[in-house]
Amino acid sequence: MKLKEIVQNVAQDYGLDPDLVLAVIQIESGGKSWACRYEPGWNYFKDVSKWAKELSQSEETEKVQQATSWGAMQVMGTVARELGFKGYLSQLCISEAGIRCGCMKLQTLFKRFENQDDAISAYNQGNNRKSPAGKYMNQSYVDKINAALKVIKGN
């Protein structure tokens, strides 16, 4: 199945605009399902000992994997664990698994925040923090997603 078809199906399951999901994919990974990026400063982990034991791997391996973003939507390993992902985190590079997890995260953010830009900002930085000037702390990310969305929609 092609990436666009997977996005259509999964976005529909979560009540999301498939074009927005495609925009996130474009900005996060350039459409590369097998993309991964280790974040050495990451310090937020979820049940490392439990998952290491369950998957027969070292705690250090689980920590590194939770501190890595995976797949087309670049879902952080810790976020995947919080959302209930039970497999090896590298499986998030399988298009449907990673997109499903990313869409699940987006859906939770749309339920939590009032508008799309808040959800987009939080997808990238974990919250929708703004500067004293009223711009998102990651305004350039929000702008990139919105620009990609316009192109995808043909506006």
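The values are calculated or read from the model by the stated rules, or taken from the named source; none is laboratory data. In this text the structure is predicted, and so the values were computed from the model without any measurement. All Cβ positions, glycine included, derive from the backbone under ideal geometry; neighbour counts span all protein chains shown. Only protein heavy atoms, including side chains, enter the accessible area calculation; ligands, DNA and RNA are left aside. Shrake-Rupley method; radii C 1.70, N 1.55, O 1.52, S 1.80 Å.
Worth a mention:
- Residue match in the stretch 84-92 (condition: open to solvent by 40 Å² or more (accessible area, probe 1.4 Å), assigned to a helix (DSSP H, G or I) and touching a strand residue (DSSP E or B) at 6+ places or on another chain (Cβ under 9 Å)): yes
- Of the residues examined, A122 is not one that is farther than 22 Å from N43 by Cβ, part of a helix (DSSP H, G or I) and in contact with a helix residue (DSSP H, G or I) (Cβ under 7 Å, 6 or more places away or on another chain).
So that you can scan it fast, the table gives a plain yes or no per residue for (1) loosely packed, with under 14 Cβ neighbours inside 10 Å; (2) closer than 19 Å to A11 by Cβ; (3) within 17 Å of the chain's Cα centre (by Cα); (4) modelled with pLDDT of 95 or more:
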position: C101; (1), (2), (3), (4): no, yes, yes, yes
position: Q107; (1), (2), (3), (4): no, yes, yes, yes
position: K111; (1), (2), (3), (4): yes, yes, yes, yes
position: A119; (1), (2), (3), (4): no, yes, yes, yes
position: N124; (1), (2), (3), (4): no, yes, yes, yes
position: N128; (1), (2), (3), (4): no, no, yes, no
position: K135; (1), (2), (3), (4): yes, no, no, yes
position: I145; (1), (2), (3), (4): no, yes, yes, yes
position: I152; (1), (2), (3), (4): no, yes, no, yes
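- With respect to (1) of a type in the set (S, T, N, Q); (2) under 20 Å from K86 (Cα atoms); (3) open to solvent by 70 Å² or more (accessible area, probe 1.4 Å); (4) under 13 Å from the mean Cα position of the chain (by Cα), the lone exception for S33 is condition (3).
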